[in-house]
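Below you'll find the structure I mean.
The values are calculated or read from the model by the stated rules, or taken from the named source; none is laboratory data. On a predicted model such as this, the values are computed, not experimentally measured, just so you know. Neighbour counts run over all protein chains shown; Cβ positions are idealised from the backbone, glycine included.
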Amino acid sequence: MQAILDEIAKTIAASPERGQVASYIPQLARVDPAKFGIAVVLADGSCCSAGDAGEAFSIQSISKVFTFTMALERLGDAIWERVGREPSGDPFNSIVQLEHERGKPRNPFINAGAIAVADAVMQTCQPHQAVGEILQFVRLLADDGNIGLDAKVARSEKQSGDRNASLAHFIASFGNLQHPAPAVLDTYFDHCSIAMSCAQLARAGRYLATAGMIESGATRVISEQQARRINSLMLMCGHYDGSGEFAYRVGLPGKSGVGGGILAIAPSKASIAVWSPGLDKIGNSKLGTQALEMLVARTGWSIFGH
Ligand code: GLN
């Protein structure tokens, strides 16, 4: 595995076409597009990594996997009254379907859906409390108390968050938020600003590769059925209107973020995190996808066969 990751890191480092770093969140535009990290945590807990796998980056929408896991664990099937589970075929920040579908977002991984999920995990109107609980959950998953928010990224996104504010207020107008939109937005922006390294992220995703368990079968995070369902949602919706392309090229459940990270799950085998800040036109990591394509070709891990 180490030899495979070293080879991938070498190939990606030499790639001249790196995509465009996200610029609509000004703080993300400052990230060096030459960065690349990859980490693989196998089902037995062992870890291999290469490149900048120890450097923290903004996980952005990958955090939606963790908030959705909390919501599913707490609310069970009642979460499906708040959000759907079909791919949207639209960009991550699109508002068009929300009007037709009366404020019920198509799935939990587009921004609208993640805003409804943030509302669902809030137990009070206090964003700080909700964000504290989300962080605690992510630290537990990663077995790492050092994970935190990037306050500069959170501030930057709040200052340029008109589109997300529109989504939140529009959802609220249909009665699908239980807390005030500004408090829900604060929770959402803060959890998107969680900073993690590939090594931490791959470790945090391990429960999805091991049927809902962590610490080698000692702690259950969610049920086996719920883990399977989150993986299916990641496959169908985790890359927005690029989900079909990702399934075609990589063939693993995956969740991307505009920070250039991707968390991918090879069920029963491994949790994988990659990071390359340059994005394709849809907003998914260009070279991160390529790295996963190479990894799957070498390991035969595609869920669709060798
Ligand atoms: N925080 C970002 C936003 O709401 C997340 C988007 C993403 O990672 N695709 O715009």
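Evaluate segment 171-179: report whether one residue or more is part of a loop (DSSP other than H, G, I, E, B), aliphatic (A, V, I, L, M), modelled with pLDDT of 95 or more and within 14 Å of Asp119 (Cβ to Cβ). Please lay out each step first, then the result.
Taking segment 171-179 and keeping what is part of a loop (DSSP other than H, G, I, E, B), we get 174-179.
Subsequent filtering for residues that are aliphatic (A, V, I, L, M) retains 177.
Now restrict to residues that are modelled with pLDDT of 95 or more: 177.
With the extra rule that they be within 14 Å of Asp119 (Cβ to Cβ), the set shrinks to 177.
Yes, some residue in segment 171-179 is part of a loop (DSSP other than H, G, I, E, B), aliphatic (A, V, I, L, M), modelled with pLDDT of 95 or more and within 14 Å of Asp119 (Cβ to Cβ).
What is the residue count in segment 200-213 for residues that are buried (at least 23 other Cβ atoms within 10 Å of the Cβ), of a type in the set (A, V, I, L, M, F, W, C) and either within 18 Å of Gln136 (Cβ to Cβ) or modelled with pLDDT under 95 (or both)?
Here the count works out to 2.
Also, I was wondering about something else. From the list Ser216, Ser197, Ser232, pick out the single residue that is among the hydroxyl-bearing types (Ser, Thr, Tyr), away from the ligand (no atom under 16 Å from the Cβ) and at pLDDT below 95. Even if it seems obvious, please write down each step before you answer.
Values: Ser197 fails: at pLDDT below 95; Ser232 fails: at pLDDT below 95.
It is Ser216.
Moving to a separate point now. Is it the case that Arg74 is more than 16 Å from the ligand (Cβ to nearest atom), touching a residue at least 40 places away in the same chain (Cβ under 8 Å) and not in a loop (DSSP other than H, G, I, E, B)? It would help to see each step written out before you state the result.
Numbers: more than 16 Å from the ligand (Cβ to nearest atom): yes; touching a residue at least 40 places away in the same chain (Cβ under 8 Å): yes; not in a loop (DSSP other than H, G, I, E, B): yes.
So Arg74 passes the test.
Looking at segment 140-187 only, could you name the residues that are farther than 26 Å from Val221 by Cα and among the polar types (S, T, N, Q)?
If the condition is that a residue be farther than 26 Å from Val221 by Cα and among the polar types (S, T, N, Q), then Ser156, Gln159, Ser160, Asn164, Ser166, Ser173, Asn176 are the ones that fit.
OK, next. Considering only segment 36-51, state which residues are surrounded by 20 or more Cβ atoms within 10 Å (Cβ to Cβ) and outside any strand (DSSP E or B).
Listed by number, the list holds a single entry, Phe36.
For segment 93-105, give me each residue that is in contact (Cβ under 8 Å) with a residue 60 or more places away in the chain and either more than 15 Å from the ligand (Cβ to nearest atom) or not polar (S, T, N, Q) (or both). Spell out how you get there, then give the answer.
Initially, segment 93-105 is screened for residues in contact (Cβ under 8 Å) with a residue 60 or more places away in the chain, giving 93, 95, 98-99, 102-105.
Of everything in segment 93-105, those that are in contact (Cβ under 8 Å) with a residue 60 or more places away in the chain and either more than 15 Å from the ligand (Cβ to nearest atom) or not polar (S, T, N, Q) (or both) turn out to be Ile95, Leu98, Glu99, Arg102, Gly103, Lys104, Pro105.
Just to be sure I understand, how many residues within segment 188-228 are assigned to a helix (DSSP H, G or I) and more than 21 Å from Ile262 (Cα to Cα)?
2
Need pairs with beta-carbon distance below 6 Å; first residue within 16 Å of the ligand (Cβ to nearest atom) and within segment 41-65, second hydroxyl-bearing (Ser, Thr, Tyr) and in a strand (DSSP E or B); sequence gap 6+ or separate chains.
Between residues of segment 41-65 that are within 16 Å of the ligand (Cβ to nearest atom) and residues that are hydroxyl-bearing (Ser, Thr, Tyr) and in a strand (DSSP E or B), there is no close pair.
Just need a number here: residues in segment 147-179 that are touching a Phe, Trp or Tyr at 6+ places or on another chain (Cβ under 9 Å), among the acidic types (Asp, Glu) and farther than 24 Å from Gln136 by Cβ.
0
Still on this structure: Have a look at Leu185, Leu141, Leu167 and point out the one that is touching a helix residue (DSSP H, G or I) at 6+ places or on another chain (Cβ under 6 Å), more than 16 Å from the ligand (Cβ to nearest atom) and part of a helix (DSSP H, G or I).
Values: Leu185 fails: more than 16 Å from the ligand (Cβ to nearest atom); Leu167 fails: more than 16 Å from the ligand (Cβ to nearest atom).
Only one candidate passes the filter, namely Leu141.
Something else about it: For segment 1-29, enumerate the residues that are closer than 14 Å to Gly260 by Cα, within 16 Å of the ligand (Cβ to nearest atom) and surrounded by 13 or more Cβ atoms within 10 Å (Cβ to Cβ).
Gly19, Gln20, Val21, Ala22, Tyr24, Ile25, Gln27, Leu28, Ala29
Next question, about the same structure. Please specify each residue of segment 170-179 satisfying the condition of being crowded, with 16+ Cβ neighbours inside 10 Å and closer than 17 Å to Pro127 by Cα.
Let us first name the residues in segment 170-179 that are crowded, with 16+ Cβ neighbours inside 10 Å, namely 170-172, 176-177, 179.
Hits for segment 170-179 are Ala172, Leu177, His179.
Assess whether Ala114 counts as being more than 13 Å from the ligand (Cβ to nearest atom) and touching a residue at least 12 places away in the same chain (Cβ under 8 Å). Outline the logic, then answer.
Working: more than 13 Å from the ligand (Cβ to nearest atom): no; touching a residue at least 12 places away in the same chain (Cβ under 8 Å): yes.
No; evaluated as a whole, the condition is false for this residue.
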